[in-house]
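K.L.:
Structure incoming, see below.
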Amino acid sequence: MARYADPGAVEWVESGGGPLIAVPEAVLPFWAGADGEDLDTDYDRACEVDGYVGLLPVGDSAALVLGDEPASTSFLPDHGMFVRWCAGDSEDELLARVPEALGTVVWEDEVRWDVPGPVVLFDSAWPGTETERTERLRVPLAAGPYAVRAGYAKPGPETWLGLVQLRRLPA
């Protein structure tokens with residue numbers, strides 16, 4: 001895992017240039033990434049997501065694509081959100097600015113994401129069966145529906161971050 005502080009407050013996942021994706025563990029084998037003989041691979045589908053987040057069918061579930069830019073991303077369980085490191089001098093500074101960012105972020109429309117349980121965040125170019133070989137982050141979500149909203153905030157002159165908030169909905 002990429003770490004930006006020693007030893008690092010959280011684990012960060014980076015991509016090789018494309019979008020990151022959170023795929024439910026239960027359907028990881030169905031995500032082919034950039035592999036495949038089809039003209040439109042799963043990775044191509046992820047790259048076509050318009051906006052900060054989008055959902056793609058995977059097996060009998062859906063994966064959450066973190067679109068826009070391939071920023072280093074982590075999950076903050078206390079806030080129930082992915083935080084995306086767009087600009088900032090240090091991990092400590094970036095994480096300290098999260099509460100301020102929550103007060104200034106402009107959110108896009110919400111999407112509803114039904115998950116069967118924990119998800120794995122990784123570079124969408126990788127097949128789900130090979131995530132052990134790349135940077136990945138397991139996010140222990142409880143099964144059920146979530147409202148997902150995303151936006152960007154600039155809480156400091158040199159700090160800019162993306163937020164993808166997951167809010168558990170009643171089943």
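The values are calculated or read from the model by the stated rules, or taken from the named source; none is laboratory data. These numbers come from a predicted model, not from an experiment. Because the Cβ atoms are built from the backbone with ideal geometry, glycine has one as well, and the counts that use them run over all protein chains shown.
K.L.:
Would you check if Ser61 is small (Gly, Ala, Ser) and more than 13 Å from Ala9 (Cα to Cα)? Talk me through it step by step, then tell me what you get.
P.N.:
On the way: small (Gly, Ala, Ser): yes; more than 13 Å from Ala9 (Cα to Cα): yes.
Answer is yes for this residue.
K.L.:
Which residue is modelled with the lowest pLDDT, if the candidates are limited to the stretch 146-171 and must be crowded, with 19+ Cβ neighbours inside 10 Å and of a type in the set (A, V, I, L, M, F, W, C)?
P.N.:
Of everything passing the filter in the stretch 146-171, Trp160 is modelled with the lowest pLDDT.
K.L.:
Out of contact with any Ser or Thr (no Cβ under 7 Å at 6 or more places or on another chain) and over 20 Å from Val83 (Cα atoms), is that true of Ala143? Show your work before the answer.
P.N.:
Numbers: out of contact with any Ser or Thr (no Cβ under 7 Å at 6 or more places or on another chain): yes; over 20 Å from Val83 (Cα atoms): yes.
Criteria met by Ala143.
K.L.:
Looking for whichever is crowded, with 18+ Cβ neighbours inside 10 Å and farther than 21 Å from Arg167 by Cα here; the options are Ala87, Ala71. Which one fits? Full working, then the answer.
P.N.:
Details: Ala87 fails: crowded, with 18+ Cβ neighbours inside 10 Å.
The match here is Ala71.
K.L.:
Condition check: out of contact with any His (no Cβ under 7 Å at 6 or more places or on another chain), under 16 Å from Thr159 (Cβ atoms) and of a type outside the set (Lys, Arg). Does Glu48 satisfy that? Break it down stepwise before answering.
P.N.:
Working: out of contact with any His (no Cβ under 7 Å at 6 or more places or on another chain): yes; under 16 Å from Thr159 (Cβ atoms): no; of a type outside the set (Lys, Arg): yes.
In short, no.
K.L.:
Exactly one condition in (1) of a type outside the set (Gly, Ala, Ser); (2) surrounded by 21 or more Cβ atoms within 10 Å (Cβ to Cβ); (3) within 12 Å of Leu163 (Cα to Cα) is false for Val106; which is it?
P.N.:
The one condition Val106 does not meet is (2).
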